[in-house]
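What follows is one structure encoded as structure tokens, with my remarks underneath.
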Amino acid sequence: MLNQLQSVSKVIRAARFIALITFVFGSILMLWYYLNPIGGVIYLSLFYIISMFFLNTYFAVRLLQIFTTQNGFKAKILQTWGIMLLNIPVGYLYVHWGLEIYQNATPVY
């Protein structure tokens, strides 16, 4: 997939898609845990959040590279960064909830 991201419009489209999927799938995982509190779901959620952090960071850096080298796409890149930045407070909330649940689920000896 990453080899196919040669054009600027494909990178922007992929970054927006990743931002949307990150939000939707993260929300589904947290909702799944609250509807069916199985301990394994919270571990999957924390792993998902960490891996999506790195994937979103890749696209943010790639967009920064395009932003500094290409002139015709600055408005679209800024919009895409805005969409990606909206995931930060949601991701922080998910991490906070996940760590709180993990702390309460882990027995203390």
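Considering only residues that are more than 11 Å from MET84 (Cβ to Cβ) and in contact with a Leu (Cβ under 9 Å, 6 or more places away or on another chain), look in region 14-29 and name the one that is surrounded by the fewest Cβ atoms within 10 Å (Cβ to Cβ). Ranking the candidates gives ALA14 first. Looking only at residues in region 57-79 that are open to solvent by 60 Å² or more (accessible area, probe 1.4 Å), of a type in the set (Val, Ile, Thr) and more than 19 Å from the chain's Cα centre (by Cα), the one that is nearest to GLN6 (Cα to Cα) is THR69. Scanning region 5-31 for residues that are β-branched (Val, Ile, Thr) and within 10 Å of the chain's Cα centre (by Cα) yields ILE18, ILE21, THR22, VAL24. Give region 84-94 a look and list any residue that's open to solvent by less than 70 Å² (accessible area, probe 1.4 Å) and either closer than 15 Å to THR57 by Cβ or not in a helix (DSSP H, G or I) (or both), or say none. Selection gives MET84, ASN87, GLY91.
The values are calculated or read from the model by the stated rules, or taken from the named source; none is laboratory data. Quantities reported herein were computed from a predicted structural model and do not represent experimental measurements. Cβ atoms come from the backbone with ideal geometry, glycine included; neighbour counts cover every protein chain shown. With ligands, DNA and RNA removed, areas are computed over all heavy atoms of the protein, side chains included. Shrake-Rupley method; radii C 1.70, N 1.55, O 1.52, S 1.80 Å.
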